[in-house]
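Some notes on the structure that comes next.
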Amino acid sequence: MAVNIEAFQQIIRELQPFHAHLVAVSKTKPAEDILELYQEGQKTFGENYVQELVEKQAGLPKGIEWHFIGHLQRNKVKYIAPFISMIQSVDSLKLLKEINKQAKNADRIIDCLLQVHIAEEETKFGLDENELIRLLEEVMADSDSYSHIRIRGLMGMATFTKEEKLVREEFQFMKSLFEQVKEKYVVHLQHFTELSLGMSADYKLALEEGSTLVRIGSLLFGQRTNA
Ligand SMILES: *Cc1c(COP(=O)(O)O)cnc(C)c1O
(Lines give C-alpha, C1' and ligand atoms only; values in the text may rest on other atoms or scores of the structure.)
Protein backbone atom coordinates (compact mmCIF):
# COMPACT_ATOMS: atom_id res chain seq x y z
CA MET A 1 0.00 0.00 0.00
CA ALA A 2 1.57 3.28 -1.13
CA VAL A 3 1.57 6.50 0.82
CA ASN A 4 -1.04 8.98 -0.41
CA ILE A 5 1.13 12.01 -1.14
CA GLU A 6 -1.76 13.95 -2.69
CA ALA A 7 -3.84 13.53 0.45
CA PHE A 8 -0.81 14.64 2.51
CA GLN A 9 -0.35 17.81 0.49
CA GLN A 10 -4.03 18.61 0.68
CA ILE A 11 -4.11 18.15 4.46
CA ILE A 12 -1.09 20.42 4.85
CA ARG A 13 -2.91 23.11 2.84
CA GLU A 14 -6.06 22.67 4.92
CA LEU A 15 -4.14 23.06 8.18
CA GLN A 16 -2.44 26.33 7.22
CA PRO A 17 -5.32 28.78 7.87
CA PHE A 18 -5.76 27.23 11.32
CA HIS A 19 -2.02 27.25 12.16
CA ALA A 20 -2.46 23.62 13.15
CA HIS A 21 0.08 20.79 12.82
CA LEU A 22 -0.11 17.26 11.49
CA VAL A 23 0.86 14.16 13.42
CA ALA A 24 1.09 11.38 10.83
CA VAL A 25 -0.14 8.23 12.58
CA SER A 26 1.98 5.37 11.29
CA LYS A 27 1.01 2.51 13.63
CA THR A 28 1.14 -0.91 11.95
CA LYS A 29 2.67 0.66 8.81
CA PRO A 30 6.19 -0.17 7.60
CA ALA A 31 9.24 2.03 8.09
CA GLU A 32 9.49 2.63 4.31
CA ASP A 33 6.14 4.43 4.37
CA ILE A 34 7.33 6.69 7.17
CA LEU A 35 10.56 7.44 5.32
CA GLU A 36 8.62 8.29 2.17
CA LEU A 37 6.44 10.83 3.98
CA TYR A 38 9.46 12.21 5.88
CA GLN A 39 11.15 12.86 2.55
CA GLU A 40 8.06 14.83 1.51
CA GLY A 41 8.65 17.09 4.49
CA GLN A 42 6.59 15.53 7.29
CA LYS A 43 8.53 15.59 10.59
CA THR A 44 6.09 14.39 13.26
CA PHE A 45 4.85 10.81 13.47
CA GLY A 46 2.53 9.17 15.98
CA GLU A 47 2.71 5.58 17.21
CA ASN A 48 0.56 3.53 19.61
CA TYR A 49 2.72 0.54 20.55
CA VAL A 50 6.00 0.78 22.47
CA GLN A 51 7.85 -2.16 20.93
CA GLU A 52 6.86 -1.22 17.39
CA LEU A 53 7.90 2.39 17.99
CA VAL A 54 11.29 1.44 19.48
CA GLU A 55 12.08 -0.80 16.51
CA LYS A 56 11.06 1.80 13.92
CA GLN A 57 12.82 4.66 15.66
CA ALA A 58 16.14 2.80 15.71
CA GLY A 59 16.21 2.50 11.93
CA LEU A 60 14.77 5.84 10.85
CA PRO A 61 16.25 9.38 10.62
CA LYS A 62 16.92 11.10 13.94
CA GLY A 63 15.20 14.22 12.58
CA ILE A 64 11.82 12.56 13.09
CA GLU A 65 9.82 13.74 16.10
CA TRP A 66 7.88 10.87 17.64
CA HIS A 67 4.61 11.31 19.51
CA PHE A 68 3.24 8.48 21.59
CA ILE A 69 -0.58 8.42 21.26
CA GLY A 70 -1.62 4.98 22.55
CA HIS A 71 -2.34 3.67 26.01
CA LEU A 72 1.01 3.63 27.83
CA GLN A 73 1.91 1.20 30.59
CA ARG A 74 4.18 2.59 33.28
CA ASN A 75 6.71 -0.22 32.99
CA LYS A 76 7.31 0.65 29.33
CA VAL A 77 8.01 4.38 29.69
CA LYS A 78 11.74 3.68 30.06
CA TYR A 79 12.00 2.32 26.52
CA ILE A 80 10.76 5.50 24.85
CA ALA A 81 12.01 8.16 27.31
CA PRO A 82 15.41 8.53 25.59
CA PHE A 83 13.88 9.84 22.35
CA ILE A 84 10.13 10.57 22.56
CA SER A 85 9.14 14.18 21.79
CA MET A 86 5.64 14.12 23.18
CA ILE A 87 3.43 11.68 25.07
CA GLN A 88 -0.15 12.61 24.18
CA SER A 89 -1.87 9.92 26.20
CA VAL A 90 -1.15 10.72 29.86
CA ASP A 91 -4.13 9.49 31.85
CA SER A 92 -2.89 9.23 35.45
CA LEU A 93 -0.63 10.93 37.96
CA LYS A 94 1.30 7.67 38.43
CA LEU A 95 2.12 7.62 34.73
CA LEU A 96 3.17 11.26 34.80
CA LYS A 97 5.49 10.53 37.76
CA GLU A 98 7.09 7.66 35.87
CA ILE A 99 7.56 9.81 32.76
CA ASN A 100 9.25 12.45 34.89
CA LYS A 101 11.52 9.84 36.48
CA GLN A 102 12.57 8.30 33.16
CA ALA A 103 12.99 11.71 31.52
CA LYS A 104 15.31 12.67 34.37
CA ASN A 105 17.31 9.47 33.90
CA ALA A 106 17.64 10.30 30.21
CA ASP A 107 18.52 13.91 31.05
CA ARG A 108 15.60 15.20 29.00
CA ILE A 109 12.36 17.13 29.33
CA ILE A 110 9.35 15.35 27.82
CA ASP A 111 6.29 17.21 26.56
CA CYS A 112 3.00 15.69 27.69
CA LEU A 113 -0.67 16.06 26.87
CA LEU A 114 -3.34 14.98 29.31
CA GLN A 115 -5.85 12.66 27.65
CA VAL A 116 -9.46 13.45 28.43
CA HIS A 117 -12.25 10.91 27.99
CA ILE A 118 -14.93 12.54 25.83
CA ALA A 119 -16.31 9.63 23.79
CA GLU A 120 -19.36 7.57 24.61
CA GLU A 121 -17.40 4.33 24.28
CA GLU A 122 -16.28 3.10 27.69
CA THR A 123 -13.34 1.35 26.07
CA LYS A 124 -11.54 4.59 25.29
CA PHE A 125 -9.02 5.84 27.83
CA GLY A 126 -8.66 9.20 29.50
CA LEU A 127 -9.40 11.35 32.52
CA ASP A 128 -12.81 12.80 33.28
CA GLU A 129 -13.08 16.48 34.11
CA ASN A 130 -12.73 15.98 37.89
CA GLU A 131 -9.76 13.67 37.53
CA LEU A 132 -8.09 16.17 35.23
CA ILE A 133 -8.45 19.00 37.74
CA ARG A 134 -7.28 16.77 40.60
CA LEU A 135 -4.19 15.73 38.64
CA LEU A 136 -3.35 19.34 37.79
CA GLU A 137 -3.77 20.43 41.42
CA GLU A 138 -1.42 17.69 42.58
CA VAL A 139 1.21 18.62 40.02
CA MET A 140 0.96 22.33 40.91
CA ALA A 141 1.23 21.58 44.62
CA ASP A 142 4.43 19.61 44.10
CA SER A 143 5.88 21.17 40.97
CA ASP A 144 9.52 20.56 41.97
CA SER A 145 8.84 16.85 41.56
CA TYR A 146 7.86 17.35 37.92
CA SER A 147 10.82 19.29 36.58
CA HIS A 148 11.41 16.90 33.66
CA ILE A 149 7.95 17.03 32.13
CA ARG A 150 6.09 19.88 30.52
CA ILE A 151 2.29 19.78 30.36
CA ARG A 152 1.60 21.15 26.90
CA GLY A 153 -2.17 20.69 26.59
CA LEU A 154 -4.99 18.20 26.19
CA MET A 155 -5.78 15.29 23.87
CA GLY A 156 -9.16 13.74 23.14
CA MET A 157 -10.77 11.14 20.89
CA ALA A 158 -14.36 11.69 19.83
CA THR A 159 -17.01 8.99 19.66
CA PHE A 160 -16.73 6.80 16.56
CA THR A 161 -19.94 7.82 14.81
CA LYS A 162 -21.25 9.48 11.66
CA GLU A 163 -23.31 11.77 13.87
CA GLU A 164 -21.54 15.07 13.24
CA LYS A 165 -23.42 16.94 15.93
CA LEU A 166 -22.20 14.64 18.70
CA VAL A 167 -18.58 14.80 17.54
CA ARG A 168 -18.74 18.58 17.33
CA GLU A 169 -20.17 18.82 20.85
CA GLU A 170 -17.39 16.63 22.17
CA PHE A 171 -14.76 18.84 20.52
CA GLN A 172 -16.45 21.96 21.89
CA PHE A 173 -16.39 20.45 25.36
CA MET A 174 -12.64 19.84 24.99
CA LYS A 175 -12.01 23.36 23.77
CA SER A 176 -13.85 24.91 26.70
CA LEU A 177 -12.03 22.63 29.16
CA PHE A 178 -8.74 23.63 27.52
CA GLU A 179 -9.54 27.34 27.89
CA GLN A 180 -10.65 26.92 31.52
CA VAL A 181 -7.47 25.09 32.47
CA LYS A 182 -5.33 27.62 30.65
CA GLU A 183 -6.97 30.52 32.44
CA LYS A 184 -6.98 28.92 35.88
CA TYR A 185 -3.38 27.71 35.85
CA VAL A 186 -1.80 30.30 33.56
CA VAL A 187 0.97 31.04 36.08
CA HIS A 188 2.07 27.41 36.20
CA LEU A 189 1.36 26.30 32.67
CA GLN A 190 3.29 28.64 30.40
CA HIS A 191 3.59 25.97 27.72
CA PHE A 192 -0.08 25.00 27.69
CA THR A 193 -0.79 25.66 23.99
CA GLU A 194 -1.82 22.38 22.35
CA LEU A 195 -5.23 20.86 21.81
CA SER A 196 -4.92 17.49 20.03
CA LEU A 197 -8.25 16.66 18.38
CA GLY A 198 -9.25 15.06 15.11
CA MET A 199 -8.41 11.94 13.10
CA SER A 200 -8.99 10.94 9.47
CA ALA A 201 -12.77 10.93 9.78
CA ASP A 202 -13.25 14.11 11.82
CA TYR A 203 -10.20 16.38 11.51
CA LYS A 204 -12.08 19.08 9.57
CA LEU A 205 -14.59 19.43 12.39
CA ALA A 206 -11.74 19.40 14.89
CA LEU A 207 -9.99 22.28 13.13
CA GLU A 208 -13.18 24.33 13.14
CA GLU A 209 -13.49 23.70 16.88
CA GLY A 210 -9.95 24.78 17.74
CA SER A 211 -7.61 21.81 17.30
CA THR A 212 -3.89 22.63 17.06
CA LEU A 213 -2.72 19.04 16.39
CA VAL A 214 -4.56 16.59 14.16
CA ARG A 215 -3.62 12.88 14.29
CA ILE A 216 -4.17 11.35 10.87
CA GLY A 217 -3.39 7.76 9.88
CA SER A 218 -5.56 5.99 7.32
CA LEU A 219 -5.99 8.98 4.98
CA LEU A 220 -2.21 9.06 4.55
CA PHE A 221 -1.19 5.42 4.81
CA GLY A 222 -4.35 3.56 3.80
CA GLN A 223 -6.66 1.43 5.93
CA ARG A 224 -5.09 -0.67 8.64
CA THR A 225 -5.83 -4.39 8.60
CA ASN A 226 -5.51 -4.64 12.38
CA ALA A 227 -5.52 -2.31 15.41
C1 LIG B 1 -5.02 5.28 15.23
C2 LIG B 1 -5.19 6.60 15.90
C3 LIG B 1 -5.36 7.79 15.15
C4 LIG B 1 -5.45 7.81 13.63
O5 LIG B 1 -6.63 7.24 13.18
P6 LIG B 1 -7.10 7.34 11.63
O7 LIG B 1 -8.56 7.16 11.71
O8 LIG B 1 -6.41 6.24 10.92
O9 LIG B 1 -6.71 8.67 11.14
C10 LIG B 1 -5.46 8.98 15.84
N11 LIG B 1 -5.40 9.03 17.18
C12 LIG B 1 -5.24 7.93 17.94
C13 LIG B 1 -5.18 8.06 19.42
C14 LIG B 1 -5.15 6.68 17.33
O15 LIG B 1 -5.02 5.58 18.10
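For Ser89, what residues show an amide H to amide H distance below 5 Å, using hydrogens built from the backbone and excluding near sequence neighbours?
Hits under the 5 Å cutoff: Leu113.
Cα-Cα pairs above 19 Å in segment 78-142: how many percent?
More than 19 Å apart: 35 percent of the Cα pairs in segment 78-142.
What Rg and what Dmax come out for the chain when only alpha-carbon atoms are used, in angstroms?
16.9, 50
Label Glu32 and Glu122 with points 7 Å out from Cα along Cα→Cβ: what is the distance between them in nm?
4.4
Give, rounded to the nearest 20 debye, the magnitude of the charge dipole that segment 1-145 has about its Cα centre when Lys and Arg contribute +1 at Cβ and Asp and Glu contribute -1 at Cβ.
Result for segment 1-145 is approximately 580 debye, rounded to the nearest 20.
To one decimal place, what Kirkwood hydrodynamic radius in Å is obtained for segment 177-227 from all pairs of distinct Cα atoms?
Evaluated on segment 177-227, it is 12.6 Å.
Efficiency by 1/(1 + (r/R0)^6): what FRET value for Glu137 and Ile5, r their Cβ-Cβ distance, R0 = 41 Å, to the nearest 0.05?
It comes out at approximately 0.35.
With a 1.4 Å probe and all protein chains left in place, how much of the accessible area of segment 178-227 comes from carbon and sulfur atoms, in whole percent?
52
Given N residues in segment 1-133, what is its alpha carbon radius of gyration divided by 2.2 N^0.38 Å?
1.12
So which aspartates and glutamates can Lys204 reach, going by Cα to Cα under 13 Å and dropping same-chain residues fewer than 8 places off?
Partners found: Glu14, Glu164.
When the Cα centres of segment 3-70 and segment 155-174 are compared, how far apart do they sit, in Å?
Taking the Cα centre of each part, segment 3-70 and segment 155-174 sit 24 Å apart.
Straight-line reach from Lys182: which aspartates and glutamates fall under 19 Å, measuring Cα to Cα and dropping same-chain residues less than 8 apart?
Qualifying aspartates and glutamates at Cα under 19 Å: Asp91, Asp111, Asp128, Glu129, Glu131, Glu137, Glu138, Asp142, Glu170, Glu194, Glu209.
Find, among the GluC sites (Glu not before Pro) in segment 33-74, those assigned to loop by DSSP (not H, G, I, E, B) with at most 14 other beta-carbon atoms within 10 angstrom.
Glu40
Before rounding to the nearest 500, sum -39500 (n - 2.57) across all DSSP H runs of length at least 4 in the chain and divide by the residue total; then give [θ] at 222 nm in deg cm²/dmol.
The helix-only estimate for the chain comes to -12000 deg cm²/dmol at 222 nm.
Is there a quick way to get the dipole size of segment 107-212? I mean about its Cα centre, with the Cβ of Lys and Arg at +1 and of Asp and Glu at -1; what is the value in debye to the nearest 20?
The dipole magnitude comes to about 340 debye.
Where q = 0.15, 0.24, 0.28 Å⁻¹, what log10 of I(q)/I(0) comes from the Debye formula for segment 123-179, counting one point per Cα?
The Debye formula, applied to the Cα set alone, gives -0.56, -1.06, -1.24.
Quick check: pseudo-label points 7 Å beyond the Cα along Cα→Cβ at Ser218 and Leu166, how many nm apart are they?
For Ser218 paired with Leu166, the spin-label model returns 1.6 nm.
Accessible area of segment 33-174 with a 1.4 Å probe: how many percent of it is carbon plus sulfur?
Reported share for carbon and sulfur atoms: 46 percent.
Which length gain, in nm to one decimal place, applies between Asn75 and Ser147 when the Cα-Cα distance is subtracted from 0.36 nm times their residue separation?
Here the segment from Asn75 to Ser147 would lengthen by 23.9 nm.
Cα extents of segment 39-89 along the three principal axes, largest first, in whole Å?
34, 19, 15 Å, listed from the longest principal axis down.
The values are calculated or read from the model by the stated rules, or taken from the named source; none is laboratory data. The structure displayed is predicted, hence computed values, not measured ones. Note: ideal-geometry Cβ built from the backbone for every residue, glycine included; neighbour counts use all protein chains shown. Accessible surface areas use protein heavy atoms only, side chains included; no ligands, DNA or RNA. Shrake-Rupley method; radii C 1.70, N 1.55, O 1.52, S 1.80 Å.
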